[in-house]
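Asks: Attaching a single structure in structure tokens format; questions to follow.
No value in this document is a laboratory result; all are computed from the given coordinates. The shown structure was predicted, so the numbers you read here are calculated from the model rather than taken from an experiment. Note that we place each Cβ from the backbone using ideal geometry, even for glycine, and neighbour counts take in every protein chain shown.
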């Protein structure tokens, strides 16, 4: 199916239709054909996954396209917070074509099972290494709070490490295993780490604290989610803390909405260099780019978006 412009209000209509389908007894598990040609099994009880289906298989298209454009022979891409494979699977497709590999970390058991199914569904087992782990500053166990998707009745969804405040008390929890990236790289012989996506709901700083040796040595390109409310709850000034955790000479970029995004949600974003992380909104992704790779990153962005 070809892509159509998605006007504002499309999401509300899709959500209403989805509720009617579920009430009619249709299976919530549907294999969605994604915009880049791969397939994902989605759980439509989790509204953010239903949105992928009703948006004709689109999910973070520009960011995935840019990461895919960076893959070269021998490239290792680390997907931290892989969920059901929204990034892992399309980037594994690119890795298969370009001679790279994807290393995916997902700590929630049900998400991990669906991630494994989606990798197998696309015939990509030879190009992906999967770990049922979360990454943090220390090895051990932690409680994961089950949020978006799970609270709607889905088997899979989004989760966050417990902050243990009033906002966490309404959600179910599961115990997960944690490790440090530095230790995993050494013990599992991951080799060179060229690019990292970290989307772990306000735990990105602690991940970086446990990845200091790897990041200093490899100087990867990183796509990092900043969800400010989590950091506020933890009392962390992420605008100051994130640069402290990176080696010298990293620049920050954002894929910012285009001027017509207010009308057409399919409008391509624009790449914007940031002088300060304080300019980011309450929830945004930031690209951390080592200066020696900055020119190549900008060139790849010009081709990909």
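Asks: Round to a whole angstrom and tell me the spacing of the C-alpha centers of the range 11-87 and the range 131-184.
Replies: When both Cα centres are located, 21 Å separates them.
Asks: According to the square roots a ≥ b ≥ c of the eigenvalues of the Cα gyration tensor, what is the shape class of the range 210-305, taking rounded for a/c under 1.5, prolate for a/b larger than b/c otherwise, and oblate for the remainder?
Replies: It is oblate, given that a/c is not under 1.5 and a/b is not larger than b/c.
Asks: Using label points projected 7 Å from each Cα along Cα→Cβ, tell me how many nm separate residue 16 and residue 256, to one decimal.
Replies: Result for the modelled spin labels: 3.5 nm.
Asks: Helix-derived [θ] at 222 nm for the chain: sum -39500 (n - 2.57) over DSSP H runs of at least 4, divide by residue count, nearest 500?
Replies: -9500 deg cm²/dmol
Asks: Over the Cα atoms, compute the radius of gyration (one decimal) and Dmax (the largest Cα-Cα distance, rounded to a whole number) for the range 1-117, in Å.
Replies: 15.3, 48
Asks: Still on this structure, I have one more. Figure the gain on full extension for residue 249 and residue 24 (residue separation times 0.36 nm, minus the Cα-Cα span) and round it to one decimal in nm.
Replies: Computed gain between residue 249 and residue 24 is 75.4 nm.
Asks: Classify the range 156-209: rounded, prolate or oblate, from the alpha-carbon gyration tensor (a ≥ b ≥ c, eigenvalue square roots; a/c under 1.5 rounded; otherwise prolate if a/b is larger than b/c)?
Replies: Working: a/c = 2.56, a/b = 2.27, b/c = 1.13.
Verdict is prolate for the range 156-209.
Asks: Something else about it: Within the range 128-163, find all residues whose amide N lies under 17 Å from a label point positioned 7 Å from the Cα of residue 169 along Cα-to-beta-carbon.
Replies: Counting backbone N atoms under 17 Å from the label point, the list is 145-146, 162-163.
Asks: Sort the range 75-230 into rounded, prolate or oblate with this rule: let a ≥ b ≥ c be the square roots of the eigenvalues of the Cα gyration tensor; rounded if a/c is under 1.5, and if a/c is not under 1.5, prolate when a/b is larger than b/c, oblate otherwise. Could you put the intermediate results ahead of the total?
Replies: Numbers: a/c = 1.97, a/b = 1.28, b/c = 1.54.
Oblate is the answer for the range 75-230, as a/c is 1.5 or above yet b/c matches or exceeds a/b.
Asks: For the chain, what is the percent of antiparallel DSSP beta bridges, rounded to the nearest 5?
Replies: 60
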